[in-house]
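Chemist: One structure is given below, represented as C-alpha coordinates, and several questions about it will come after.
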Amino acid sequence: TGGQRTDAQQSDSARLCAAHPCSICWPELPGSECNMPSSVSYENILLKNITILNPTKSPGVIRGNESNPMQKVVFEDVQVINPGSKPWGDDYYDCQGVSGGVAKGSTWPVPPCFEDQTDAAKDGL
(Lines give C-alpha, C1' and ligand atoms only; values in the text may rest on other atoms or scores of the structure.)
Protein backbone atom coordinates (compact mmCIF):
# COMPACT_ATOMS: atom_id res chain seq x y z
CA THR A 1 0.00 0.00 0.00
CA GLY A 2 0.98 3.64 0.01
CA GLY A 3 1.18 3.93 -3.77
CA GLN A 4 -1.02 6.37 -5.59
CA ARG A 5 -1.92 6.18 -9.25
CA THR A 6 -2.65 9.53 -10.80
CA ASP A 7 -2.23 8.71 -14.46
CA ALA A 8 -4.46 5.68 -14.98
CA GLN A 9 -6.13 5.53 -18.36
CA GLN A 10 -9.88 5.70 -17.99
CA SER A 11 -12.34 5.42 -20.81
CA ASP A 12 -14.76 8.24 -21.46
CA SER A 13 -16.59 6.11 -23.99
CA ALA A 14 -18.60 2.90 -24.04
CA ARG A 15 -16.49 1.83 -27.05
CA LEU A 16 -13.88 -0.59 -25.68
CA CYS A 17 -11.53 -0.04 -28.63
CA ALA A 18 -11.60 3.77 -28.56
CA ALA A 19 -8.13 5.33 -28.35
CA HIS A 20 -7.61 7.17 -25.03
CA PRO A 21 -4.85 7.75 -26.21
CA CYS A 22 -4.04 4.15 -27.13
CA SER A 23 -6.72 1.60 -27.90
CA ILE A 24 -6.65 -1.60 -25.89
CA CYS A 25 -7.38 -3.30 -29.23
CA TRP A 26 -4.28 -1.88 -30.93
CA PRO A 27 -2.51 -3.26 -32.99
CA GLU A 28 -4.55 -6.46 -33.30
CA LEU A 29 -7.76 -4.87 -34.58
CA PRO A 30 -7.47 -3.13 -37.97
CA GLY A 31 -8.41 0.52 -37.67
CA SER A 32 -7.55 0.75 -33.97
CA GLU A 33 -5.13 3.54 -33.02
CA CYS A 34 -2.39 4.40 -30.58
CA ASN A 35 -1.69 8.14 -30.59
CA MET A 36 0.49 9.50 -27.82
CA PRO A 37 -0.51 12.98 -26.61
CA SER A 38 1.90 15.86 -27.21
CA SER A 39 1.09 17.31 -23.78
CA VAL A 40 2.83 14.46 -21.92
CA SER A 41 6.61 14.32 -21.41
CA TYR A 42 8.65 11.19 -20.66
CA GLU A 43 12.35 11.57 -19.90
CA ASN A 44 15.31 9.98 -18.13
CA ILE A 45 13.98 6.41 -18.21
CA LEU A 46 16.39 3.58 -17.40
CA LEU A 47 15.56 -0.11 -17.77
CA LYS A 48 18.45 -2.19 -16.42
CA ASN A 49 19.23 -5.87 -15.83
CA ILE A 50 16.00 -7.26 -17.27
CA THR A 51 15.64 -10.68 -18.88
CA ILE A 52 12.47 -11.82 -20.63
CA LEU A 53 12.25 -15.50 -21.55
CA ASN A 54 10.35 -16.85 -24.55
CA PRO A 55 7.62 -14.23 -25.02
CA THR A 56 4.92 -15.34 -27.42
CA LYS A 57 4.88 -11.96 -29.19
CA SER A 58 7.29 -9.16 -30.01
CA PRO A 59 8.97 -7.58 -26.96
CA GLY A 60 7.06 -4.35 -26.93
CA VAL A 61 6.13 -0.79 -27.74
CA ILE A 62 8.24 2.28 -27.05
CA ARG A 63 6.15 5.16 -28.22
CA GLY A 64 6.21 8.87 -27.58
CA ASN A 65 4.71 11.76 -29.50
CA GLU A 66 6.66 12.87 -32.59
CA SER A 67 6.36 16.57 -31.66
CA ASN A 68 7.23 15.93 -27.97
CA PRO A 69 9.37 12.76 -28.09
CA MET A 70 10.51 10.64 -25.17
CA GLN A 71 13.97 11.85 -24.09
CA LYS A 72 16.95 9.90 -22.76
CA VAL A 73 15.53 6.38 -22.69
CA VAL A 74 18.22 3.80 -21.88
CA PHE A 75 18.07 0.00 -22.05
CA GLU A 76 21.09 -1.44 -20.23
CA ASP A 77 21.44 -5.23 -20.23
CA VAL A 78 17.82 -5.73 -21.30
CA GLN A 79 17.68 -9.14 -22.97
CA VAL A 80 14.76 -10.82 -24.67
CA ILE A 81 15.53 -14.50 -25.16
CA ASN A 82 13.76 -16.12 -28.13
CA PRO A 83 11.35 -13.24 -28.86
CA GLY A 84 8.20 -13.73 -30.88
CA SER A 85 8.04 -11.95 -34.22
CA LYS A 86 4.43 -10.76 -34.25
CA PRO A 87 3.33 -8.09 -34.68
CA TRP A 88 6.59 -6.15 -35.27
CA GLY A 89 8.64 -8.66 -37.29
CA ASP A 90 12.42 -8.30 -37.43
CA ASP A 91 12.29 -4.90 -35.69
CA TYR A 92 10.85 -6.66 -32.59
CA TYR A 93 9.60 -3.31 -31.23
CA ASP A 94 7.19 -0.63 -32.35
CA CYS A 95 9.55 2.25 -31.65
CA GLN A 96 8.78 5.85 -32.52
CA GLY A 97 8.67 9.28 -30.96
CA VAL A 98 11.98 8.72 -29.12
CA SER A 99 14.94 11.11 -29.07
CA GLY A 100 18.19 10.03 -27.46
CA GLY A 101 17.27 6.37 -26.96
CA VAL A 102 20.34 4.21 -26.25
CA ALA A 103 20.90 0.45 -25.93
CA LYS A 104 23.93 -0.58 -23.84
CA GLY A 105 25.68 -3.66 -22.51
CA SER A 106 24.12 -6.97 -23.51
CA THR A 107 20.80 -5.52 -24.65
CA TRP A 108 19.16 -7.54 -27.44
CA PRO A 109 17.23 -6.96 -29.56
CA VAL A 110 18.03 -3.29 -29.89
CA PRO A 111 14.93 -1.16 -30.48
CA PRO A 112 15.17 0.29 -34.02
CA CYS A 113 14.86 3.91 -32.86
CA PHE A 114 17.73 3.55 -30.33
CA GLU A 115 21.44 4.16 -30.83
CA ASP A 116 23.24 0.82 -30.59
CA GLN A 117 26.02 1.13 -28.00
CA THR A 118 25.84 -2.53 -27.02
CA ASP A 119 28.89 -4.71 -26.41
CA ALA A 120 28.13 -6.55 -29.68
CA ALA A 121 28.14 -3.29 -31.65
CA LYS A 122 31.42 -2.22 -30.01
CA ASP A 123 32.97 -5.58 -30.90
CA GLY A 124 31.70 -5.30 -34.49
CA LEU A 125 29.42 -8.35 -34.25
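Chemist: Under the 0.36 nm per residue contour assumption, what length would be gained going from the current alpha-carbon distance of Asp91 and Ala18 to full extension?
Modeler: Separation in residues times 0.36 nm, less the Cα-Cα distance, equals 23.6 nm.
Chemist: Moving on to the next point. Hull surface divided by four, with the convex hull built on the Cα atoms of the chain: how many nm²?
Modeler: 9.6 nm²
Chemist: Name the residue, out of Gly31, Gly64, Gly84, whose mean-square fluctuation peaks in a Gaussian network model built on the chain with Cα pairs under 10 Å.
Modeler: Gly31
Chemist: Another question about this same structure. Give the accessible surface of the chain per residue, rounded to a whole number of Å², with probe radius 1.4 Å and ligands, DNA and RNA excluded.
Modeler: Result: 66 Å² of accessible area for each residue.
Chemist: For region 61-109, what is one quarter of the convex hull surface built on the Cα atoms, given in nm²?
Modeler: Computed as one quarter of the Cα hull surface, the answer is 3.4 nm².
Chemist: Next question, about the same structure. If the cut-off is a Cα-Cα distance under 18 Å, which aspartates and glutamates reach Lys48, setting aside same-chain residues fewer than 8 apart in sequence?
Modeler: Glu76, Asp77, Glu115, Asp116, Asp119
Chemist: What GluC sites (Glu not before Pro) does region 33-87 have in DSSP loop regions with at most 15 other beta carbons within 10 Å?
Modeler: Passing sites in region 33-87 are Glu33, Glu66.
Chemist: Take the solvent-accessible surface of the protein heavy atoms, probe 1.4 Å, and return the percent of it on the chain that carbon and sulfur atoms account for.
Modeler: Carbon with sulfur: 47 percent of the solvent-accessible area.
The values are calculated or read from the model by the stated rules, or taken from the named source; none is laboratory data. Just so we're clear, the structure is a prediction, and the values are computed from it rather than from any experiment. Cβ atoms come from the backbone with ideal geometry, glycine included; neighbour counts cover every protein chain shown. Ligands, DNA and RNA are excluded from the accessible area calculation, which covers all protein heavy atoms including side chains. Shrake-Rupley method; radii C 1.70, N 1.55, O 1.52, S 1.80 Å.
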